[in-house]
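Every number here is computed from the coordinates shown, using simple stated rules; none is lab data. These numbers were taken from a predicted model, which means no experiment stands behind them. Every residue, glycine among them, receives a Cβ derived from its backbone with ideal geometry; neighbour counts consider all protein chains shown.
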Amino acid sequence: MNKINKTLILCAMAVLLHSLVFADKIIVTDKINDEEYNYLKITVEPDYVSTKQFATKDEPAQLTKTYKWLSEIVPNSCSNNCGTGTSSISTKCIERLGVSSKAVDNSICVTNIGEHTETTPSCTDWSGCGAQYSYSTWGTCKPEGKMYRTATCVDIDDEPIPDEACAQINKEELNATCVSLPATCNDIRINNPSSPSGFYLLYPDGVTSYNIYCDMITDGGGWMQIMVTTSSPKALMSSPTTASPGYLNTTIMKKFASIASQILIKDHTGQYVVSLPETRPIQALRNSGRTLIYGNNHQDWTSPTGIATQKRFEKTCQEPGDAYPNWILWACGNTSGVHVRSTHLIWTHTGGGSYTGIISIR
């Protein structure tokens, strides 16, 4: 077969193939050789011919049209642009023939495979919220020299919305360095063990300051002085004070008691007792302004200077009607007990009577 005749035959095959494209099937009824197959596949109709359809070139082959619905979400079609909504759907009828596919009129799919059913998909869109971060005020300076704040994702009306709405927004720093403000004398002692006794500004709530005398020597130091009885030099009393004798205002005292855990009772000779941490004495002082309610609580105290604490705290009775600063400890008037009030401290280990005393907390 000469080249001209072969070309004519191939063109005729192409015409045949084209003439059958829109039928239900394309039928190749004549046997074709490799050269003719490649021409059909590559040159004439590459969309309608594949090795699968013509795997056996010496046998007739056929292509069958199939149909399906193709659904696509319409971009930027969420019904709610600040939260969760539903997306719009674009539906097309797709006709497939061999490896070729194309969109056709939707009525063709209705005829061949029935009506289309589609569940409307949900969507989330935050673009219309005006999302931004709202920052809390800085917290108090922590002992490690850091202060912290929080960030909340809010909408244009300053109402909280999920964090994902702010996912593309740069968050500002939530911590910053600061100079730590001491809340107690013990904070000062821990940060600088060589700190001398004297007046220091303390910040029990991290904001308001109080000028408090700190004892940095007795029992390891770090004691905040809250009361001095009778004749103690007023220079040693914390500020502010009431009239003689000196003691902290009850409200201020309770602020410091709330962050303290121990009480120290010291007399003019240097003898002292210390309550064990977080026992009844400090708990009672926080609540009622007394270190002893009533009952035996000598087991809550220890005396590094050797005083027999059981003899000082073993009496049981109902306490007087008033509290700090008039009374903070009462042993029913028994001479074997310890009595502390704003005007005097009574210790039987010194022979009885009224003595100067200092009450401190840590």
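Laid out as a table, the results:
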item: Residue exposure sequence - 70, 248 - by fewest surrounding Cβ within 10 Å; result: 70, 248
item: Per-residue HN-Hα couplings for region 146-152 [Karplus 6.51, -1.76, 1.60; θ = phi - 60°; Hz; x = Gly/Pro]; result: 10, 10, 10, 9, 10, 10, 10
item: Cross-link table 146/266; 146/254; 142/254; 92/171, entries beyond 32 Å C-alpha to C-alpha; result: 146/266; 92/171
